1. What distance in nm separates the simple spin-label points at Leu101 and Ile392, each placed 7 Å from Cα in the Cβ direction?
2. Mean Kyte-Doolittle of at least 0.0 and a Cα length of 27 Å or more along the axis: which whole DSSP H helices of the chain meet both?
3. If you take all C-alpha pairs in region 104-189, what percent of them are over 20 Å apart?
4. Near the amide H of Tyr82, under 5 Å away, which other amide H atoms are found, from residues 5 or more places off or on another chain, if H is placed in the peptide plane?
5. Suppose each label sits 7 Å from its Cα in the direction of the beta carbon; what would the Glu336-Tyr43 distance come out to in nanometres?
6. Suppose only helical runs count, i.e. DSSP H with n ≥ 4. What mean residue ellipticity at 222 nm does that imply for the chain under -39500 (n - 2.57) per run, divided by all residues and rounded to the nearest 500 deg cm²/dmol?
7. Taking K and R as +1 and D and E as -1, what net charge do the other residues with C-beta under 14 Å from the C-beta of Leu394 add up to?
8. Taking a probe of 1.4 Å, how large is the accessible area per residue of region 11-70, in Å²?
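The values are calculated or read from the model by the stated rules, or taken from the named source; none is laboratory data. Fair warning: this is a prediction, and the values are worked out from it, not measured in the lab. So basically every Cβ, Gly included, is an ideal-geometry build from the backbone, and we count neighbours across all protein chains shown. Surface accessibility is based on the protein's heavy atoms, side chains included, excluding ligands, DNA and RNA. Shrake-Rupley method; radii C 1.70, N 1.55, O 1.52, S 1.80 Å.
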Amino acid sequence: MKYRHNYNPTISDEDIFEEIVKEREDIGYYNLVFSDTSKYKEYAKSVVQKNIVVIGIGGSTLGTYAIYKFLKYSKNLSKKLYFLETTDPIDIRSKLENIELDDTLFIVISKSGTTIETISIFKYINSLIKCDKNNTLVITESDSKLSGYAKANGITSFDIPKNVGGRFSVFSAVGLVPLAIVGVDIDQLLSGAKEMHDSFFNKTQTYERVLKKARFFVEYKNSFNINVVFSYSSRLDGFNKWYIQLWGESLGKIDINSTRQGLTPIGIIGPIDQHSFLQLIVEGRRDKTVTVIKVEDFDSNLKIPSVKLEGLEELDYIDGIEFSSLINEQADATIESINNLNDIPCDVITIDSVSEKSIATLMYEYELLTSVCAKFMYINAYDQPGVEAGKIILKQKLKK
């Protein structure tokens, strides 16, 4: 008798872990936590410009923006960081109007070196000011056409490892160089990421948390296909955007059985979206899981003042409450209201402080979670064939 099959029974946690350990040999983001940052810090010290403009899109900017957005109001950063990502002409002109171009370092980031959006914006910048070795930095693959441009013009460049995908590249030169330039402690970033790496690969708390969560997401994906990250801090808006790309581009795939897979990511901000999306979560279809992210210490003692407002005396009980306490009470009330329903899967992540280490631990754990979900789903987390078709069509249209 001959027998063939394409059945894929539920894989064990141990088998998943072995797959990830094996994958670590070829997929580069896992080992970025061991990077030597000395050359990045040395370059950062040499930058004299006050304004830093990152030109890139998607994985070239979202992770960096997430960290910068989270930290910039609490850290005494020495320079301002801007991002030119979209080909929207209004966005380009409005941002550049507020930047002194003569006092700006332009960082051009493209893994392939031929990203149309990035090169288009860079061309426009070159029409406004001469970009040369004194005001330009390139971050790309070592043998890309953009790397060749940098070498031909004597422009400093840093490499993006070939085995590190754009959306997993935040702890490479892509994120570390611009963040180091503006004054973020990149060693603390890698320290936080390494904590998660070690905890996972030593099979302690992170391992248990990630495996349990990933298994639930995949085994119940037909019931709960939408994953909502409900971040209770406006500082985490950048993280939400980064998570949406990471989740969507990594997990929206066709598996080995030619079955379409995917978990739909949604990122919302509390308490703002308590007044909109929470209604859909509570009384809408039961097709969503919810992850609430809280910040324990906002590094702010701003309080609600004891100001008397005629006709609103019944709200005087809020006087003297710190806004950081208020937002966390709002988060806790949302969590309790969801848990009381007993039919909405919900977990809570609490970041201890506004620091490099805390945002890095969160982001590295989500990278691990993405990789583990992909293994459970029998898909490749690191390609993006669904995006490539549109790029090919665009090039054909523009060449006409």
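1. It is 3.7 nm.
2. Details: long enough: 356-377 (32 Å, 0.40).
Helices meeting the criterion: 356-377.
3. Everything past 20 Å amounts to 33 percent.
4. Ile52, Val53, Val54
5. 5.0 nm
6. Values: 14 runs with 177 residues, N = 400.
My calculation for the chain gives -14000 deg cm²/dmol from helical runs alone.
7. Net of charged neighbours comes to +3.
8. Averaged over the residues of region 11-70, the accessible area is 45 Å².
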